[in-house]
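Contents: one structure, followed by commentary.
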Amino acid sequence: MSVTPADLMLRRYAAQGLATEAGRIALGYFSRQESLGVTMKGAQDWLTVADGAVEDFLRARLTELFPGDTVIGEEGGGEASDAVWILDPIDGTANFAHGDRTWCISVGFLVNREPTIGIVAAPALDELYVAQRGQGVTLNGQKIAVSGVDDIGRAYVELGWSPRVPSQHYVDMIGRVYAAGGAMKRSGSGALGLCHVANARTDAYAELHINAWDIAAGVVIAREAGGWVSDFFAGDGISKGNPILCCTPALASQLSEITGIS
Ligand code: LIP
């Protein structure tokens, strides 16, 4: 599929506006915790009524504006195509359900399987990340860039976890990072995890299995900030998920060896 620069700019501005509006909808729920209707999709896999409401809003608006594109969402699924939107209505739902402000709305757009537009709105943190392939990345309108850290002994590494992977594999990975001299954290949102590499709040993000909706936008944001990101969309990444490693270019080979993700 060929898209013109004008097509992409139109989609970027539309997605930015829709993610901001979706943020207002989500904040409405977040500020009324008793209205969240929290349930579990599985072990440690949280769901609230806000996830469905935000996804329905984004899906309806994107389909109306770009009828030729397809939409994949965490809650409602969807078909991949050469022009596909990939949505996570609330990334960091466990945080959202516990009143913790570390959550966001993630809107990614892929052309011919190439992550091309990435918008991450974190309304409770008053942050909006906007990126387009080859056009740079901003946080609240200001350019951002990854850190220059090249030594694992100084690296601040975020390691994502989910019950999709045996806990021992996760614990072993933590042990290898510490053994190499790194320090780790976990914030519970893969999308914000990639954004925090992009603005040098951390130097790396790794997760042994993550879904396309968690990272489709963050991949563009991190790459446009000068970050190295593993080839998540290889194979069935878009439908089955994959491991992900995102870091400063200088840390890539050390961390690929430590995490086993390349
Ligand atoms: C979350 C991911 C995170 C992962 C969590 C969860 P959700 O997505 O962003 O990286 O570690 O287990 O999958 O469920 O909040 O959209």
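The values are calculated or read from the model by the stated rules, or taken from the named source; none is laboratory data. As the structure is a computational prediction, the values presented were derived from the model and not from experiment. Neighbour counts run over all protein chains shown; Cβ positions are idealised from the backbone, glycine included. Side chains are part of the model used for accessible areas, which takes the heavy atoms of the whole protein and leaves out ligands, DNA and RNA. Shrake-Rupley method; radii C 1.70, N 1.55, O 1.52, S 1.80 Å.
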*Restricting the search to the range 31-51, which residues are on the phi < 0 side of the Ramachandran plot, assigned to a loop (DSSP other than H, G, I, E, B) and in contact with a strand residue (DSSP E or B) (Cβ under 9 Å, 6 or more places away or on another chain)?*
V38, T48
*Return yes when D100 is assigned to a loop (DSSP other than H, G, I, E, B), within 14 Å of the ligand (Cβ to nearest atom) and acidic (D, E) and no when it is not.*
yes
*For the range 187-230, how many residues meet the condition of being within 14 Å of the ligand (Cβ to nearest atom) and either assigned to a loop (DSSP other than H, G, I, E, B) or modelled with pLDDT under 95 (or both)?*
5
_Considering only residues that are open to solvent by less than 60 Å² (accessible area, probe 1.4 Å), under 24 Å from I86 (Cβ atoms) and not acidic (D, E), which ones fall in the range 37-51?_
G42, W46, L47, T48, A50
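Of the residues that sit in the range 128-168 and are within 16 Å of the ligand (Cβ to nearest atom) and assigned to a strand (DSSP E or B), which one is surrounded by the fewest Cβ atoms within 10 Å (Cβ to Cβ)? Steps first, please.
Start the filter on the range 128-168 by keeping residues that are within 16 Å of the ligand (Cβ to nearest atom), which leaves 129, 157-167.
Okay, now just the ones that are also assigned to a strand (DSSP E or B), so 129, 157-160.
On the way: Y129: 31, V157: 27, E158: 25, L159: 19, G160: 23.
Filtering first and then ranking leaves L159.
Kindly indicate whether any position in the range 130-137 is under 30 Å from A43 (Cβ atoms), basic (K, R) and in contact (Cβ under 8 Å) with a residue 60 or more places away in the chain.
No, because not a single residue in the range 130-137 is under 30 Å from A43 (Cβ atoms), basic (K, R) and in contact (Cβ under 8 Å) with a residue 60 or more places away in the chain.
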_Just the residues that are in a loop (DSSP other than H, G, I, E, B) and within 13 Å of the ligand (Cβ to nearest atom), please, taken from the range 169-186._
R186
_Any residue that is touching a Leu at 6+ places or on another chain (Cβ under 8 Å) and at pLDDT below 95 - is there at least one of those in the range 240-262?_
yes
*Residue check, V137 in contact with an Asp or Glu (Cβ under 7 Å, 6 or more places away or on another chain) and hydrophobic (A, V, I, L, M, F, W, C)*: yes
*Go through N112, N140 for me and flag whichever is under 18 Å from the mean Cα position of the chain (by Cα) and polar (S, T, N, Q).*
N140
*Is there a residue being closer than 18 Å to A191 by Cβ and open to solvent by less than 10 Å² (accessible area, probe 1.4 Å) anywhere in the range 63-72?*
no
*Within the group R24, R32, which residue is more than 11 Å from the ligand (Cβ to nearest atom), touching a helix residue (DSSP H, G or I) at 6+ places or on another chain (Cβ under 8 Å), open to solvent by 40 Å² or more (accessible area, probe 1.4 Å) and not assigned by TED's automatic domain parsing to the domain that holds V229?*
R24
